[in-house]
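A.B. asks: Attaching a single structure in structure tokens format; questions to follow.
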DNA sequence: TCATCTATTGCATACGAATGCAATAGATGT
DNA sequence: ACATCTATTGCATTCGTATGCAATAGATGA
């Protein structure tokens, strides 16, 4: 392994000077600096980040804590897009990414431990649950972290970045109204989910603004499964009056609703959350596109800011778009 | 931060003794050992892995290098399942996981750099391309790594672990024959792909063993897109004789083939690679299940073995299963 | 020419854990 | 009681980098 001592020896300088060149200190003469950098390239010097971290007390790494329910998650376009966003932004800012998985052994299972054992400087925590013990632990240990919308206790180094689902529902509702629909059904994930609640809230606001009444039987909360969504949509389609459009708020349940419409052989528009597969299967369908990759980007950026400044960056909201035949409409015009 | 010195001070021992207790040395008295461990718990001691790594020259971390084509990848059930397997096995063996992404900045974009900068001890490299420069770099730098099937140059610390696609194709063909099919079409990914070639090879072997002739127009290689697969299947369905079954070798193209069958309103069996969505949409369809999570597990395990022993572990092959109405058949019986 | 000042560079040490070697304690034998 | 041996423990150093402080060079002024 090539160290700063090797560079120093070959250039006839002191290790400390080499170190200063590498950390961009202004205390070094430009000729010396050139010489050192040339030698570093020649010997293919790569800094030892463990040693650097030991000295500076920082790791320049972010831990990403993934939710466990692989079953739910696997069907989602969320993970790869999100991780890609996190990775790209992190590395653009000089940070690397470490994974944390519940169910794994220590310290990987516990993001607080990951930070305390100096494998990361902060944590990205996706989809917190109510009274999330992981969040509590992060606050207690004064660890910089960013999470989704969270109702519980907050901390001085905690930041929230999330997709605005109220806005998403509002946008969806407004879009359908603008397309002439007046009898609109809604299929959201179960009542316990904040995501689902928010979407419904926004949707209903759009309806009331448009003067459209939505009777309770036209709003169905279901578990996030294909079958549950299909059942719900099927029941809705047999109602009188039958909806001309159905809004759906997850990337999986869309397929259930579409199947119901298909089986019923009816012309009912399904507006759901985009996934690459949905685009492939129904390229002409309008859809709600959630910015998962950007969510990763923003979370990484905001977390690094928090780590660097030592105080929580500002909360951030991201907005969905409605995509219609490859044209983006309703992009941000109705953003609060 | 609580260090071994703090533990030493509070127990009246020397730091070296504390360190020995923590690393499980036999050179320590059991009473002393108890005392130290109790104090560690009391002070919530967490070892500083940067310091440990600096001294031991190891990081106990694996780098996972993900392929870039997010477009292809996003539709796949591969990423989340695979990462989950890697994470779980790695942490079970005391390792953590670092992400490497092409397109990211240094060192995250280059797994060799990740190892040289001491962020990981070895690399998991999924889906190598022909003459992969990343593989070449890993070999040149004598870095322990595991990758998929690879035809090019090999190295002393390189291990291959992959899903046996010849076997998968063979299994698929044999299954369809056992179900009475004799006119069978095949849709594989494009000719350049080793995965597709292998699948076809195995499939054809099964056909010839069964004495079934497959004319060239019943074998189609297509790009991995919904639309290309649909076209290919549609053409096949208009042939005379029309196939009674079509085998498809990716998790995305299945949907294209299914759509073609559906539009043609024909009763043709589509046997494709399983994904959670496929299971949701067509729960009763038999399907090829690829062990992505296990692939992650095995790759992590084999890599850690290679790191620990300093020489390449044995190459490993994993086998797909055919799932039929929640019963697994053809599991390993035809494994070479 | 000499004093003074600034721009560079070198020296020494610290970060926290691991480990070879020396030192000490207690146990054992005679 | 003494020597010898083994089981523990302590001491000192190392890993590679960063950084406060001291030292030196060259530049500037009078």
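Every read-out reported here was derived from the displayed coordinates using simple, explicitly stated rules and does not represent laboratory data. Being a predicted model, the structure only gives us computed values, none of them experimental. Every residue, glycine among them, receives a Cβ derived from its backbone with ideal geometry; neighbour counts consider all protein chains shown.
A.B. asks: Please work out the Cα center distance from the stretch A:265-327 to the stretch A:134-160, rounded to the nearest Å.
C.D. replies: 23
A.B. asks: Just the projected area, averaged over all directions, of the convex hull on the alpha carbon atoms of chain B: how many nm²?
C.D. replies: Computed as one quarter of the Cα hull surface, the answer is 20.7 nm².
A.B. asks: If you build a Gaussian network model of chain B, linking Cα atoms that sit under 10 Å apart, which residue out of B:113, B:281, B:99 swings the most?
C.D. replies: Between B:113, B:281, B:99, it is B:281 that shows the largest mean-square fluctuation.
A.B. asks: How large is the helix-only mean residue ellipticity at 222 nm for chain A, computed as the sum of -39500 (n - 2.57) over DSSP H runs with n ≥ 4, divided by its residue count, in deg cm²/dmol to the nearest 500?
C.D. replies: The helix contribution divided over chain A gives -13500 deg cm²/dmol.
A.B. asks: I would also like to ask the following. What nm distances, shortest first, do you get from the label point of residue B:132 to those in the other copies when the point sits 7 angstrom along Cα to Cβ?
C.D. replies: In nanometres, ordered from closest: 3.3.
A.B. asks: Moving on to the next point. Relative contact order for the stretch A:91-172 using alpha-carbon pairs under 8 Å, separation at least 6, rounded to a whole percent?
C.D. replies: 19
A.B. asks: Can you list, shortest first and in nm, the gaps between the label point of residue B:5 and those of its counterparts in the other copies, using a point 7 Å from Cα in the C-beta direction?
C.D. replies: Shortest to longest, the spacings are 2.1 nm.
A.B. asks: If you average 1/r over every pair of different alpha-carbon atoms in the stretch A:76-135 and take one over that average, what Kirkwood value in Å do you get?
C.D. replies: With all distinct Cα pairs of the stretch A:76-135 included, I get 12.6 Å.
A.B. asks: Distances from residue B:154 to the same position in the other copies: list them in nm, one decimal, shortest first, using label points 7 Å from Cα along Cα→Cβ.
C.D. replies: 5.8
A.B. asks: Could you check the spin-label model distance between residue A:217 and residue B:201? Points 7 Å from the Cα along Cα→Cβ, value in nm.
C.D. replies: 6.1
A.B. asks: If you don't mind, there's one more thing I want to ask. Quick one: compute the contact order of the stretch A:1-146, relative version, from alpha carbon pairs under 8 angstrom and 6+ residues apart, as a percent.
C.D. replies: With pairs under 8 Å counted, the relative contact order is 21 percent.
A.B. asks: If you fit an axis through the alpha-carbon atoms of helix A:226-237 and take the longest principal axis of the Cα set of chain A, what angle between them do you get, 0 to 90°, nearest 10?
C.D. replies: The answer is roughly 30 degrees.
A.B. asks: With springs connecting C-alpha atoms under 10 Å apart, model chain B as a Gaussian network and identify which of B:296, B:180, B:196 has the largest mean-square fluctuation.
C.D. replies: The residue that fluctuates most here is B:180.
A.B. asks: Using only Cα atoms and rounding to the nearest 10 degrees, what angle (0 to 90) does helix A:30-42 make with the longest principal axis of chain A?
C.D. replies: Roughly 70 degrees between the two axes.
A.B. asks: Between A:121, A:324, A:162, where does the largest GNM mean-square fluctuation fall for chain A, given springs only between Cα atoms within less than 10 Å?
C.D. replies: Of the options given, A:324 has the highest mean-square fluctuation.
A.B. asks: For chain A, take the longest principal axis of its alpha carbons; what is the angle in degrees between that and the long axis of helix A:78-92, to the nearest 10 within 0 to 90?
C.D. replies: Here the helix axis deviates by roughly 30 degrees.
A.B. asks: Can you give the FRET efficiency for residue B:210 and residue A:264, using 1/(1 + (r/R0)^6), R0 = 45 Å, r = Cβ-Cβ distance, to the nearest 0.05?
C.D. replies: Approximately 0.65, to the nearest 0.05.
A.B. asks: Roughly what % of Cα-Cα distances in the protein assembly as shown sit above 47 Å, to the whole percent? Display every interim value, and only then the final one.
C.D. replies: On the way: 55509 of 225456 pairs.
Roughly 25 percent, rounded to a whole number.
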